[in-house]
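The values are calculated or read from the model by the stated rules, or taken from the named source; none is laboratory data. This one's a predicted model, so the numbers in the text were calculated from it and none came from an experiment. Cβ placement follows ideal geometry from the backbone for every residue including glycine, while neighbour counts extend to all protein chains displayed.
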Amino acid sequence: MSEPPPLFQGRLFRVVREVVRAPDGREHSREIVRHPGAVAILPILDDGRVCLIENYRIAVGQTLLELPAGTREPGEDPLETARRELAEETGYRAGRIEALATFYMSPGILDEQMHLFLATQLAPGPAALEGGEQIHPRPTSWEEAISSVRDGRIQDAKTIVGLLYYAAFRR
């Protein structure tokens, strides 16, 4: 079955309308955002702090506290995306990076798959922000990061998933 023509084609994603036939024989139409996938990186500094970022998000009109993250380039391996985005957004280069989990961001409307990585043995270097990005690294104690999830200061889903996944299964 071929992909329907896009209703919208942007730089990072496209929107299509899919028609599906339900078991009762009726057809239903759904708009779906097609996305190439992304990565989120949990950078742990040698002293145990996590390097979060303050990132202005125009879609919500505010600066959010997040894990570094970014969209995969066409054909790019998620591990390479993670290395690239970590360096671009924080300046850190990881001596060790490993996959932690893969999950869907909002599968009711979006096919974006998020790959979560743990980055350790970090060496500082220059950041390389893309035009228009307003990102500032904010090394944060582990306790403060978890407290920020608990009290709602962290509202970004990938960051909540990344921090809580690591706390539950790896820390």
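The rows are residues; the columns are (1) in contact with a helix residue (DSSP H, G or I) (Cβ under 9 Å, 6 or more places away or on another chain); (2) free of Cβ contacts under 8 Å to residues at least 24 places away in the same chain; (3) part of a strand (DSSP E or B); (4) charged (D, E, K, R).
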| position | (1), (2), (3), (4) |
| --- | --- |
| Glu76 | yes, yes, no, yes |
| Glu80 | no, yes, no, yes |
| Arg84 | no, yes, no, yes |
| His115 | yes, no, yes, no |
| Ile146 | yes, yes, no, no |
Query raised in the report: If you check Thr63 against the conditions, is it part of a strand (DSSP E or B), at pLDDT 95 or above, surrounded by 13 or more Cβ atoms within 10 Å (Cβ to Cβ) and among the hydroxyl-bearing types (Ser, Thr, Tyr)?
Result: yes
Query - Any pair with Cβ under 7 angstrom, 6 or more apart, that starts in the stretch 120-136 at a residue that is closer than 15 Å to Gly91 by Cβ and assigned by TED's automatic domain parsing to the domain that holds Glu89 and ends at one that is part of a loop (DSSP other than H, G, I, E, B) and small (Gly, Ala, Ser) - result: Pro124/Gly91; Gly125/Gly91; Pro126/Gly91; Ala127/Gly91
Query raised in the report: Got at least one residue in the stretch 164-171 being closer than 24 Å to Val60 by Cβ and in the same structural domain as Arg57 (by TED's automatic domain parsing)?
Result: yes
**Report entry** Single residue of Arg150, Arg96, Arg171 found to be surrounded by fewer than 12 Cβ atoms within 10 Å (Cβ to Cβ) and at pLDDT below 95
**Finding:** Arg171
